[in-house]
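Data block below; observations after.
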C-alpha cells in the first residue's frame, strides 16, 4: 500500500447485510478504478447503543426490515452473490471480527471475510459457532485452534474495541461505511460516490 496515496477505508460489520454486498464487490470495483482500499472491521452493537438502540433498526422497524430483505434479494442477484435469508438476524459477528482484526495483514483474511458473509447470508450458518469458524479456517489451510486462541487475546480484544471507538469518533453510525480523508460515505450504494471523491482529492 502506497502511504502517499489516499486510500478508501471500508468499515464493515459481519452482522450487516449491506456490508455483505460491499464486501463482495469492493475488490473488483477498486481494481477497476485503480484505487487502494483497506478493510476496517468494527462492531455495530456499541454504536447502536450510543444511539439508544437495543437491536438492529431492521428489527426495531418491521416495515424497514421487510424492505431490506427484498432489497437484498435484488442486490445479491445484481451483484452475482449467493443469498438466503437467515433464520436469525442479526447473528453475533464478534468472534469473526476478532479473527479478522488479529490477522488483517494475512493473505488469507480477505477470503475468510467473504466466506463468513456467505456462511451467514447464503447458508444460514451461525457465524458465532466455534465449530463453524474452525471448519472455515481449516478449509483455508489455517491452524484453527491457534488462530481462535490468538484472536481472544486481551491485546486483540482491545484493538477491536479501539477500532469501534475510532468508528464512533469518525461519525460512523451504520455499516457499511467508507471513509476518505475523514469524509464519511454510508451505505453500499455510496461506494461509487466515495471512490469518485477519492479520485478528486
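The values are calculated or read from the model by the stated rules, or taken from the named source; none is laboratory data. Just so it is clear, the structure is predicted and the values come from calculations on it, not from any experiment. Reconstructed Cβ throughout: ideal geometry from the backbone, glycine too, with neighbour counts over all protein chains shown.
Report, by residue number, each residue of the stretch 53-91 that is farther than 17 Å from residue 189 by Cα, touching a helix residue (DSSP H, G or I) at 6+ places or on another chain (Cβ under 9 Å), at pLDDT 95 or above and assigned to a loop (DSSP other than H, G, I, E, B). Across the stretch 53-91, the qualifying residues are 82, 83, 84, 85, 86, 89, 90, 91. Listed by first and then second residue, the pairs with beta-carbon distance under 8 Å, at least 6 apart or on different chains, first residue in the stretch 4-15 and at positive phi and outside any strand (DSSP E or B), second at pLDDT 95 or above and surrounded by fewer than 21 Cβ atoms within 10 Å (Cβ to Cβ), form an empty list.
For the residues 112, 121, 178, 173, the requirement of being at pLDDT 95 or above and assigned to a loop (DSSP other than H, G, I, E, B) singles out 173. Screening the stretch 39-54 for residues that are free of Cβ contacts under 8 Å to residues at least 40 places away in the same chain and more than 14 Å from residue 13 (Cα to Cα) and picking the one that is surrounded by the most Cβ atoms within 10 Å (Cβ to Cβ) gives 53. So is residue 164 touching a helix residue (DSSP H, G or I) at 6+ places or on another chain (Cβ under 6 Å) and in a helix (DSSP H, G or I) or not? For residue 164, the condition - touching a helix residue (DSSP H, G or I) at 6+ places or on another chain (Cβ under 6 Å) and in a helix (DSSP H, G or I) - is met.
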